[in-house]
1. Which order do 318, 367 take when ranked by solvent-accessible area (1.4 Å probe, heavy atoms of all protein chains), largest first?
2. Run through all the Cα pairs of the range 287-341 and give the fraction in each 10 Å bin from 0, expressed as whole percent.
3. Could you state the principal axis extents of the C-alpha atoms in the chain, from the largest down, to the nearest angstrom?
4. Among all helices in the chain defined by DSSP H, which have a length of 18 Å or more along the axis from Cα atoms plus a Kyte-Doolittle mean of at least -0.5?
5. Report residue 443's accessible area, 1.4 Å probe, all protein chains in place, as a number in Å² to the nearest 10.
6. What is the local net charge at residue 135, summed over the other residues whose Cβ is closer than 11 Å to its Cβ (Lys, Arg +1; Asp, Glu -1)?
7. Amide H of residue 132: which non-local residues (sequence gap of 5 or more, or other chain) have their own amide H closer than 5 Å, using H built in the peptide plane?
8. Would you list the P(r) distribution for the range 67-165, with all Cα-Cα distances sorted into 10 Å bins from 0 and each bin expressed as a whole %?
Amino acid sequence: MTHPILSDNQKKRLEQPWWMLIFFSMFNFWQMGFIYFIGPSLTINGKTPLPIDMDNATALIALCYVLSIMWMIFLPKFIILTQRIATSVALVSALGLFLPVQDNILRFLIYAQIFCCCLMIGFESFIMINFFSENSNIKHLTVAYGVALLMIAFVQNDFMPVRFPTFRTAIVAVLIPLLIFFFRMPADTKALPCYVKKGDGLTAPRRMLLGTYILVFISSLMGVSGPAISGEVQHGVFITYMTDALVSFLLYAFYKKGNIHPFRIIPVFMGLGFMGFLMMFAASYASVLTYIGCALIGFGMVTCQMLPLYGSVIMKSYPSRYITPIIIALALIAVIVQGSMVEVFRGSPTMLYLTYAVIMAILVIIYMQIEPFFMFTLRKRIADDNIAGKNEISDTQTSVITEDDDKIISGKIVEDPLNLLSKREREVVELICLGYTNKDIAKILFISEHTVKDHTKKIYPKMGVHSKVELAVLVNKLKVNKENDS
């Protein structure tokens, strides 16, 4: 069942060329590189320590996160314009770092960099979730991110430390293409997706929403924990980011050459990340495992950079203006929680590693519960777009669970279990696979919640499953088999 808003939003999504994605990924390098260079031990032009107060810098970063969240909620139509202004200010302040200025001027320039960079952290995800096509998101979060991660690995290496004069030149070099990217992005409010309102008749898939937000929080926690743990090891940060970059390229190769969606591979990399934290725990008894642990943590981190892709899937079913702000808010909470955990386990790092390993295992379990709903949502969106394109009718009501799911093998009809279901039961199955709760389904189909439960009790034995997750997995498998046979 396709809503006109969903179809119109999908048409607005942009398929970006490679050079635009590479330019945009320079934000990732700017963010992580600058964080590295505002450490208290930095020497700038012979001045040491850095002429800023780290407590003030931390407070400014937190303020920028909050401001970014509020901006996305109340002023989304000005995001691109704000990006252009913030990047321009950052570029001017970066050029100012080349001047022989007094400490108070230098302090102001550095604070300006911190403000612009951290304000734009949320806007980066906003652009991917609201503007990019699924294919562009995958290309950006794998190959383009991989390029930026290689640059970050170089900046954070301790084989040949990068001095500040080189770094400030790099900052200017990456802000210029980033500024070009934002001026190439449409600032017209018509380019924004239409956000759902109460009178639109769209219901939020609360099961998938809740699961996704839990997934985002734990992934963010692992994303900030990985570099923090690797940073305790000589060359650890370099190894982790280098592995993350190489795995990002590998993920795209699976997607492009093997036709394997990243969602299908992510749990494997999560499992390797789990092994990485276990290795760091075991390294306290066998130090030779330390570098292996850092590399495996790099595998886990690549799964954490996929958060915008999770958000874009939700937008396909329920385009809410709150999706990106909630994701960024959860990322901020994860940073705070990670800092608290470090303080709690300051005297026992091995217990911290073990705790992270347990959290990573929980992440794998949660992801396996959500992934079938992600894949079904994407498959339905593709099916709806194909039919709408053929009929040139954006509001055509379609379904990926059709009435012609029989397979003919050697002239003999082999019945698909979906054909055992009534039309109403098929509707219930589709809504279950889209991540809706029984209460949501009752509202959408104008039936009672008790009736939905009755349908579900009949559906499970017909399909040979025992839970909603098993049902979604089976339906995805049946559709893949059908696509392969055709």
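The values are calculated or read from the model by the stated rules, or taken from the named source; none is laboratory data. Just so it is clear, the structure is predicted and the values come from calculations on it, not from any experiment. Heads up, the Cβs are rebuilt from the backbone with ideal geometry, glycines too, and the neighbour counts pull from every protein chain shown. Heavy atoms of the whole protein, side chains included, go into the accessibility calculation; ligands, DNA and RNA do not. Shrake-Rupley method; radii C 1.70, N 1.55, O 1.52, S 1.80 Å.
1. Details: 318 50, 367 0 Å².
Largest to smallest exposure gives the sequence 318, 367.
2. All Cα pairs, binned at 10 Å, distribute as 20, 34, 30, 13, 4 percent.
3. Sorted largest first, the three principal extents are 80, 57, 41 Å.
4. Details: long enough: 18-37 (28 Å, 1.15); 54-74 (30 Å, 1.66); 79-96 (25 Å, 1.52); 103-130 (40 Å, 1.36); 164-184 (30 Å, 1.78); 206-230 (36 Å, 1.14); 236-256 (30 Å, 1.16); 262-282 (29 Å, 1.68); 290-304 (21 Å, 1.64); 323-344 (31 Å, 2.19); 349-391 (60 Å, 0.72); 449-463 (21 Å, -1.51); 468-485 (25 Å, -0.37).
Helices meeting the criterion: 18-37, 54-74, 79-96, 103-130, 164-184, 206-230, 236-256, 262-282, 290-304, 323-344, 349-391, 468-485.
5. Solvent-accessible area, nearest 10 Å²: 140 Å².
6. Values: positive: 13, 139, 256; negative: 15, 134.
Charge balance in the 11 Å sphere: +1.
7. 14
8. Distribution as computed: 13, 31, 37, 17, 2 percent.
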